[in-house]
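Asks: Structure below; questions to follow.
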Amino acid sequence: MQRIWENFLQQGITFAAIMDPVGVSAMMLGMLPHRATHTEAAGIARRSTLTILIAFAVVFLTGDMILRFFGIDQHSLKVIGGIVLLMMAIEMLGNSSSGRMLSPDNREDIAVIPLGIPIIFGAGLFTTVIIFRQQDQTALDSLVTVAAFALNALVIYLALRYAVWIRKLLGTTGEKVITKLMGIITGAIAVQFIVGGVVVLARHVLQSL
């Protein structure tokens, strides 16, 4: 039971750091007109959350097939996934994720693209879901992964739904501080992925010599 709880905490924190709810809520406000209403934000929150849940389900269910089809070793995926996460972390620490910011001038629906995909569910989250899916040994482990993501999807929904209030509560400085803290956590997770993958791959190379 302790292992299950530890996995849930690890995966939940990892998903939270990558998804960065506070930073995403600030991005959404940046894409909307200044007079955007709470009703409009609520609609975007619902559609964006549904988008990332569908994306998660597709990746979670087909991740093994993708790896087998392309002949990708899970440890190689850990290395490249860690590099992607490290780049995200550096971006978050450097300039508050501004590289992911988009500012459309029209009133197009931004909930699915670009907010749901690729801002929330991007390459970093894609590889992380597949890595966790590969690490799951039992059906209970898989259920824990699903639960950890579902909890974070709920947090994302609430962050987008109440984005205006969050900005008023935290202010611009508060948002930046939280985003940078998430960047540090994401960077640490990235290094862990990279080191873990490289160690196993190096061991395989040495054994084949």
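The values are calculated or read from the model by the stated rules, or taken from the named source; none is laboratory data. Everything numeric here is computed off the predicted structure, so don't read it as measured data. Cβ sites come from the backbone with ideal geometry, for glycine too, and all protein chains shown count toward neighbours.
Asks: Inspect the stretch 14-31 for any residue being assigned to a helix (DSSP H, G or I) and among the charged types (D, E, K, R) and give the result as yes or no.
Replies: Within the stretch 14-31, not a single residue is assigned to a helix (DSSP H, G or I) and among the charged types (D, E, K, R).
Asks: Please determine whether any residue of the stretch 42-54 is basic (Lys, Arg) and either at pLDDT below 95 or touching a strand residue (DSSP E or B) at 6+ places or on another chain (Cβ under 8 Å) (or both).
Replies: Scanning the stretch 42-54, I find no residue that is basic (Lys, Arg) and either at pLDDT below 95 or touching a strand residue (DSSP E or B) at 6+ places or on another chain (Cβ under 8 Å) (or both), so the answer is no.
Asks: While we're looking at this one, here's another question. Any idea how many residues of the stretch 128-150 are of a type in the set (Gly, Ala, Ser) and within 13 Å of the chain's Cα centre (by Cα)?
Replies: Here the count works out to 2.
Asks: Go through the stretch 52-78 and give me each residue that's of a type in the set (Val, Ile, Thr), part of a helix (DSSP H, G or I) and closer than 24 Å to residue 194 by Cβ.
Replies: 59, 66
Asks: Can we say residue 189 is surrounded by 14 or more Cβ atoms within 10 Å (Cβ to Cβ), of a type in the set (Val, Ile, Thr) and at pLDDT below 85?
Replies: So residue 189 does not fit the description; no.
Asks: Just a yes or no: is a residue in the stretch 119-126 under 22 Å from residue 196 (Cβ atoms), of a type in the set (Phe, Trp, Tyr), in contact with a helix residue (DSSP H, G or I) (Cβ under 9 Å, 6 or more places away or on another chain) and at pLDDT below 95?
Replies: Scanning the stretch 119-126 turns up at least one residue that is under 22 Å from residue 196 (Cβ atoms), of a type in the set (Phe, Trp, Tyr), in contact with a helix residue (DSSP H, G or I) (Cβ under 9 Å, 6 or more places away or on another chain) and at pLDDT below 95.
Asks: In this structure, does residue 81 turn out to be crowded, with 17+ Cβ neighbours inside 10 Å and either modelled with pLDDT under 85 or not in a helix (DSSP H, G or I) (or both)?
Replies: Against the criterion (crowded, with 17+ Cβ neighbours inside 10 Å and either modelled with pLDDT under 85 or not in a helix (DSSP H, G or I) (or both)), residue 81 qualifies.
Asks: From (1) at pLDDT 95 or above; (2) within 12 Å of the chain's Cα centre (by Cα), pick out the condition that doesn't hold for residue 158.
Replies: The failed condition is (2).
Asks: Which condition number does residue 41 fail, the rest of (1) in contact (Cβ under 8 Å) with a residue 40 or more places away in the chain; (2) within 30 Å of residue 139 (Cα to Cα) being met?
Replies: Here residue 41 clears every test but (2).
Asks: Search the stretch 108-122 for residues that are among the hydrophobic types (A, V, I, L, M, F, W, C) and surrounded by fewer than 17 Cβ atoms within 10 Å (Cβ to Cβ) and pair each with any residue that is assigned to a helix (DSSP H, G or I) and modelled with pLDDT of 85 or more when their beta-carbon atoms are under 8 Å apart and the residues are at least 6 apart or on different chains.
Replies: From the stretch 108-122, the pairs are 112/47; 112/48; 112/51.
Asks: Which pairs do you get when a residue that is in contact (Cβ under 8 Å) with a residue 60 or more places away in the chain and within 18 Å of residue 72 (Cβ to Cβ), found in the stretch 195-206, comes within reach of a residue that is β-branched (Val, Ile, Thr) and assigned to a helix (DSSP H, G or I), reach meaning Cβ atoms under 8 angstrom, with the pair 6+ apart or on two chains?
Replies: Listed pairs, sorted by first residue: 197/79; 198/79; 201/79.
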